[in-house]
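First the structure, then my questions, so here it is.
Any read-out appearing in this document is the output of simple, stated calculations on the displayed coordinates, not a laboratory observation. Values in this document were obtained by computation on a predicted structure and should not be read as measured data. Virtual Cβ from ideal backbone geometry, glycine too; neighbours counted across all protein chains shown.
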Amino acid sequence: MIKNILLKYRLELIGIALGAIGGWAYWYYIGCMSGTCMITSKPLNSTLYGALMGMLLLSIFKKEKKSEHTESN
């Protein structure tokens, strides 16, 4: 069951992992010293935002299966 879920959502999970790493790295190397930046002032915010963006980016490459109920003329 878990294996099926991992296989079904593998692109999204890879995107989450890569985005989280990228978000944390952005906070660490660039960040926002003044604390006024909503996303990059805290590592948690930056990591979560990166994970969300990574998931959305890689999910656009997911292929949808065609339905068997399509009409052909």
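Do any GluC sites (Glu not before Pro) in the chain lie in a DSSP loop with no more than 16 other beta carbon atoms within 10 Å, and if so, which? The partial results should precede the final answer.
Details: sites: E12, E64, E68, E71; in loops: E64, E68, E71.
Here the GluC sites (Glu not before Pro) that fit, given the DSSP loop and packing criteria, are E64, E68, E71.
To continue, here is another question. For Cα pairs less than 8 Å apart in space and 6+ apart in sequence, what is the mean separation divided by the residue count of the chain, i.e. the relative contact order in percent?
Relative contact order here is 38 percent.
Still on this structure, I have one more. Can you give the log10 of the normalised intensity I(q)/I(0) at q = 0.11 Å⁻¹, computed with Debye over equal Cα scatterers of the chain?
-0.41
Then there's this: With axes computed from alpha carbons, what is the tilt in degrees of helix 10-29 against the longest principal axis of the chain, rounded to the nearest 10 within 0 to 90?
10 degrees
Taking 30 Å as R0, compute the FRET efficiency from the Cβ-Cβ separation of K42 and K65 and round it to 0.05.
After rounding, the FRET efficiency stands at 0.15.
What lysines could a cross-link reach from K62, if we take a straight Cα to Cα line under 27 Å and drop same-chain neighbours fewer than 8 places away?
Hits, sequence-local ones excluded: K3, K8.
Here is a further query. Between I14 and L52, what is the spin-label point distance in nm, taking each point 7 Å from the Cα along the Cα→C-beta axis?
Result for the modelled spin labels: 2.4 nm.
Moving to a separate point now. Specify the longest stretch of the chain that does not include any exposed loop site, a site being one of the chymotrypsin sites (Phe, Trp or Tyr not before Pro) with a non-H, G, I, E, B DSSP assignment and at most 16 other Cβ atoms within 10 Å.
10-60
Using a 7 Å offset from the Cα along the Cα-to-Cβ direction at both N4 and M33, what is the distance between the two label points in nm, to one decimal?
Placing both labels 7 Å beyond Cα along the Cβ direction yields 5.4 nm.
Moving to a separate point now. Go through the stretch 30-43 residue by residue and turn each phi into a ³J(HN,Hα) via Karplus (6.51, -1.76, 1.60, θ = phi - 60°); whole Hz please, and just put x for glycine and proline.
So the Karplus estimates, Gly and Pro as x, are 10, x, 9, 6, 6, x, 8, 7, 4, 8, 9, 7, 10, x Hz.
Helix-only mean residue ellipticity at 222 nm, the chain, DSSP H runs n ≥ 4 weighted -39,500 (n - 2.57), per residue, nearest 500. What is it?
On the way: 3 runs with 44 residues, N = 73.
Result for the chain: -19500 deg cm²/dmol, rounded to the nearest 500.
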